[in-house]
Amino acid sequence: MAPLLDIKKATKIYGGGMLSAGPVTVALQDYDLTIEESPATITTIAGESGSGKSTLANLVLGFTDLTSGQIIYRGRDLAEMTAQERIGYRREVQAVFQDPYAVYNPFYRVKHVFDLIIRNFKMASSKAEAREMIENALNVVGMRGEEVLEKYPHQLSGGQRQRMMMARAYMLKPKLIVADEPVSMVDASLRAMILDIMLRLRDEEGMSFLYITHDLSTAYQIGDHIYLLYQGSVAESGEAAAVIENPKHPYVQLLLDSIPVPDPSVKWGGDEATTIDDEEMRVSVDSGCRFYPRCTQRMDRCLEASPVPFPVGANNHNASCFLYDEEEKILA
Amino acid sequence: MTAATTIDPVDTVTASRGPAEQDTILDIRNLQVFYATPTGDVRAVDNVSFKVQRGEIIGLVGESGCGKTTTAMAILRLVQPPGRIAGGEINLDSVNLADLEGDDLRETRWTKLSLIPQGAMNSLNPVMRISSQIKDTIRTHEGRISNRELKERILQLLQLVGLPSRVYDMYPHELSGGMKQRACIAMAIALDPVLVIADEPTSALDVVVQRVVGETLLDVKERLGVSMIVIGHDMGLMAQLVDRLAVMYAGRIVEFAPVESIFNEQLHPYTQLLIESIPSIKEKKPLKLTEGLTHDLRTHMQGCIFQLRCPHVMDICREENPPMRALRSRHETACHLYDDDGVRLH
């Protein structure tokens, strides 16, 4: 059976059109990803700002088109879908966005977001049926319709709004939910509730998630697989627990060392953190490893070619770093 | 006032960390900030008292809506209607800011206390170079200064926050998020204030940049000896950054202690909850779900403010508001769970 979502050699380049003379931005380069239809999984895409994770979300949701490569949903290429198939795709692939304040129209009561999808997808034949569907969806996220539906967005808390978005996505019974930083703007105490809903939808409803985040600790807690992006390429991938407990790529090691430990006696560990600005970044992308300017273990050959993924552990744990090139080790 | 801070002076002197008591920069007493609504006042900050010593970083944590930003805004006298400072004193260098008006207030802001605002990266003027914005700040307060002297000073400031000198001529859109944040820090320390308030200084940044900004703040504190109040909700970051931590809930401080002490032993049930809900990268554990509602801040609650969510609630909690008490050395909390010797009752 064809996988649920299969991304092959996806590349997205911004800029560089006929009229623009400026440098191009490679947001995503030769990206591969496969999500199997069952069992349902939570696939985490992690990386810093500008690593291409939101570009990936936009591509999967069909907001922008690929420069080259393919996104195949259950055997059908996204770019070749007919209008009819696209509507089906839009229904089966849903999104939950980062900012629960910006997704609502402040002039409408919150039930408007539910009414809209019921109307667009002709989901209910009567008002009572529609109401029941909404109620069911809200119950899944632990809310009651009478308490919230007639309110305006500003009368709800951030956590409530984000749970409503989960309920909205759930109501369409999608196969895949693209969750772009769903908890980064929600309080720590409410974060667990949103993550718990994601786990329940995965286990009880068989919905898969593409969970996009920069927070590795939540990725560790709920993710099944993880892809760590750096500058549009995969730095390291594998099972979430294996990667985070035993990171191999120097960038991933830096990232994990930078997570503040909730213990005052343990200060930020590892090497001194370095960041570089966009200008240096663009210069460095011509050839070779994109992490070269910041890497503490760089070698000459890192400038010559981009590293391909090398196996570094069980269950497809790969790191794109020449440190793990077996041939290199033999030569040395 | 029952909620007034009572610190045993002996404890303070014997404490291992932090400067002596007499070096108090900021002394807040029974601060109250209310927001007027058609159905009554919302008590956003209710009887908050604490002191900030010279050269220390105080962390202010709590969930959204607990009053941490409102407290900061009150210190800066930036509470906007329908909000108002309903009572209390804000003594900065023995001047009560709550009484200042007009030019006195304008002169105090930024020369004595400055702000790194929430989402600081969006607070820079997009059509002005970084240098012009810092120049404005300095000229407004210090009058005429020669361009050469000014340039030298700004370059020094940029160096202090770890920015390359070419940032001087750049516009905000040419900088990354972390660099913009550091430019804001440079601006906040431009006039050598005694107190800097940083409102969620790293909330929109990813971990590596967050760390760079955090380390910049620590570095600036070391070099200038400035005091800071850092507002946030990330306990991990607080553990790395601050000297003493104040935990706020529903407009009140419920626990206040040196950061080591609070991470060693959380006395207040709400602090326990906050620390338990930090996701770990060391061990996989089941998600800690917290249900429960904060009471309506418009009504004055009989008893403890945390009684609706507290797992250890007792009869006395529904009747009497627990006062702030020092139960350990320099470790204060407002909770009925402990007797006067700091022994837990159940």
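The values are calculated or read from the model by the stated rules, or taken from the named source; none is laboratory data. Not measured: the values here are computed from a predicted model. Don't worry about glycine lacking a Cβ; one is built from the backbone with ideal geometry, like all the others, and counts go over all protein chains shown.
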Exercise for the section: Count, please, the residues in segment B:81-138 that happen to be in a strand (DSSP E or B) and hydrophobic (A, V, I, L, M, F, W, C). Expected result: 8
Practice task
Can you give me the number of residues within segment A:207-219 that are more than 14 Å from the chain's Cα centre (by Cα) and closer than 20 Å to A:Ser54 by Cα?
Solution key: 1
Exercise for the section: Tell me which of these A:Val252 doesn't satisfy, since it passes every other one: (1) out of contact with any Asp or Glu (no Cβ under 6 Å at 6 or more places or on another chain); (2) touching a residue at least 40 places away in the same chain (Cβ under 8 Å). Expected result: (1)
Fill in the blank from the handout: Those residues of segment A:204-213 which are crowded, with 23+ Cβ neighbours inside 10 Å and either over 23 Å from A:Asp99 (Cα atoms) or within 13 Å of another protein chain (Cβ to nearest Cβ) (or both) amount to A:Ile212, A:Thr213
Exercise for the section: Would you please list the contacts, defined by Cβ atoms under 9 Å and residues six or more apart or on different chains, that run from a residue in segment B:213-241 that is more than 11 Å from chain A (Cβ to nearest Cβ) to a residue that is in a helix (DSSP H, G or I) and of a type in the set (Ser, Thr, Tyr)? Expected result: B:Ile229/B:Thr71; B:Ile231/B:Thr69; B:Ile231/B:Thr71
Completion exercise
For A:Val140, the lone unmet condition from (1) within 22 Å of A:Leu195 (Cα to Cα); (2) free of Cβ contacts under 8 Å to residues at least 60 places away in the same chain is (2)
Handout entry: Filtered residue count, segment B:206-253, keeping only those that are of a type in the set (A, V, I, L, M) and more than 20 Å from B:Asp27 (Cβ to Cβ)
Key = 15
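Here's the yes/no breakdown for (1) facing chain B (nearest Cβ under 8 Å); (2) modelled with pLDDT under 90; (3) outside any loop (DSSP other than H, G, I, E, B); (4) in contact with a Ser or Thr (Cβ under 6 Å, 6 or more places away or on another chain):
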position	(1), (2), (3), (4)
A:Leu228	no, no, yes, no
A:Ser237	no, no, yes, no
A:Ala242	no, no, yes, no
A:Lys248	no, no, no, no
A:Leu256	yes, yes, yes, no
A:Ile259	yes, yes, no, no
A:Pro262	yes, yes, no, no
A:Ser265	yes, yes, no, no
A:Gly269	no, yes, no, no
Handout entry: Restricting segment B:328-346 to residues that are of a type in the set (A, V, I, L, M, F, W, C) and at pLDDT 90 or above, the residue that is farthest from B:Gly62 (Cα to Cα)
Key = B:Leu337
Exercise for the section: Name, by its number, the condition in (1) within 20 Å of A:Ala46 (Cβ to Cβ); (2) at pLDDT below 90; (3) facing another protein chain (nearest Cβ under 9 Å) that does not hold for A:Ser157. Expected result: (1)
Practice task
Please verify whether segment B:307-316 includes one or more residues that are more than 10 Å from chain A (Cβ to nearest Cβ), acidic (Asp, Glu) and closer than 25 Å to B:Ile28 by Cβ.
Solution key: no
Practice task
Could you grab the pairs with beta carbons closer than 6 Å, sequence gap of 6+ or different chains, first residue in segment A:54-82 and among the charged types (D, E, K, R), second one assigned to a strand (DSSP E or B)?
Solution key: A:Asp77/A:Gln70
Practice task
For B:Glu260, work out the one condition from (1) more than 13 Å from B:Glu332 (Cβ to Cβ); (2) more than 7 Å from chain A (Cβ to nearest Cβ); (3) outside any strand (DSSP E or B) it doesn't fulfil.
Solution key: (2)
Problem - Extreme residue, farthest from the other protein chains (Cβ to nearest Cβ), among residues of segment B:201-212 that are touching a helix residue (DSSP H, G or I) at 6+ places or on another chain (Cβ under 8 Å) and in contact (Cβ under 8 Å) with a residue 40 or more places away in the chain - result: B:Pro201
Handout entry: Among residues of segment A:88-120, those that are farther than 17 Å from A:Met166 by Cα, under 23 Å from the mean Cα position of the chain (by Cα) and in contact (Cβ under 8 Å) with a residue 12 or more places away in the chain, counted
Key = 1
Exercise for the section: Return yes or no: is B:Leu191 touching a His at 6+ places or on another chain (Cβ under 9 Å) and either under 14 Å from B:Leu113 (Cα atoms) or not in a loop (DSSP other than H, G, I, E, B) (or both)? Expected result: yes
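Rundown of residues vs (1) among the charged types (D, E, K, R); (2) crowded, with 18+ Cβ neighbours inside 10 Å; (3) over 28 Å from B:Pro279 (Cβ atoms); (4) at pLDDT 85 or above, yes/no style:
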| site | (1), (2), (3), (4) |
| --- | --- |
| B:Ile145 | no, no, yes, yes |
| B:Arg153 | yes, no, yes, yes |
| B:Gln159 | no, no, yes, yes |
| B:Ser165 | no, no, yes, yes |
| B:His173 | no, no, yes, no |
| B:Thr202 | no, yes, no, no |
| B:Met228 | no, yes, no, yes |
Practice task
Please verify whether segment A:199-217 includes one or more residues that are closer than 24 Å to B:Ser203 by Cβ and part of a helix (DSSP H, G or I).
Solution key: yes
Handout entry: Whichever residue in segment B:242-253 is in a strand (DSSP E or B) and away from chain A (no Cβ under 14 Å) and, among such residues, is surrounded by the most Cβ atoms within 10 Å (Cβ to Cβ)
Key = B:Ile253
Handout entry: Cβ pairs under 8 Å, 6+ apart, first in segment B:43-56 and touching a residue at least 24 places away in the same chain (Cβ under 8 Å) and more than 23 Å from B:Arg84 (Cβ to Cβ), second basic (Lys, Arg) and assigned to a strand (DSSP E or B)
Key = B:Glu56/B:Arg244
Practice task
Please find, among A:Met143, A:Met193, A:Met133, A:Met185, the residue that is at pLDDT below 90 and part of a helix (DSSP H, G or I).
Solution key: A:Met193
Exercise for the section: Read through the list (1) surrounded by fewer than 21 Cβ atoms within 10 Å (Cβ to Cβ); (2) not in a loop (DSSP other than H, G, I, E, B), then give the number of the only condition that B:Ser280 fails. Expected result: (2)
Exercise for the section: May I ask you to list the residues in segment A:214-247 that are surrounded by 24 or more Cβ atoms within 10 Å (Cβ to Cβ) and charged (D, E, K, R)? Expected result: A:Glu236
Handout entry: Verdict on A:Val252 being part of a loop (DSSP other than H, G, I, E, B) and either of a type in the set (Val, Ile, Thr) or within 17 Å of the chain's Cα centre (by Cα) (or both)
Key = no
Handout entry: Test for B:Leu308: is it in a loop (DSSP other than H, G, I, E, B), within 30 Å of A:Ile194 (Cα to Cα) and either at pLDDT 90 or above or under 24 Å from the mean Cα position of the chain (by Cα) (or both)
Key = no
Practice task
Examine segment B:274-288 for a residue that is within 11 Å of chain A (Cβ to nearest Cβ), over 30 Å from B:Asp23 (Cβ atoms) and touching a Gly at 6+ places or on another chain (Cβ under 8 Å), and state whether such a residue exists.
Solution key: yes
Completion exercise
Exactly one of A:Ser38, A:Ser68 is touching a strand residue (DSSP E or B) at 6+ places or on another chain (Cβ under 7 Å), surrounded by fewer than 18 Cβ atoms within 10 Å (Cβ to Cβ) and small (Gly, Ala, Ser), and that one is A:Ser68
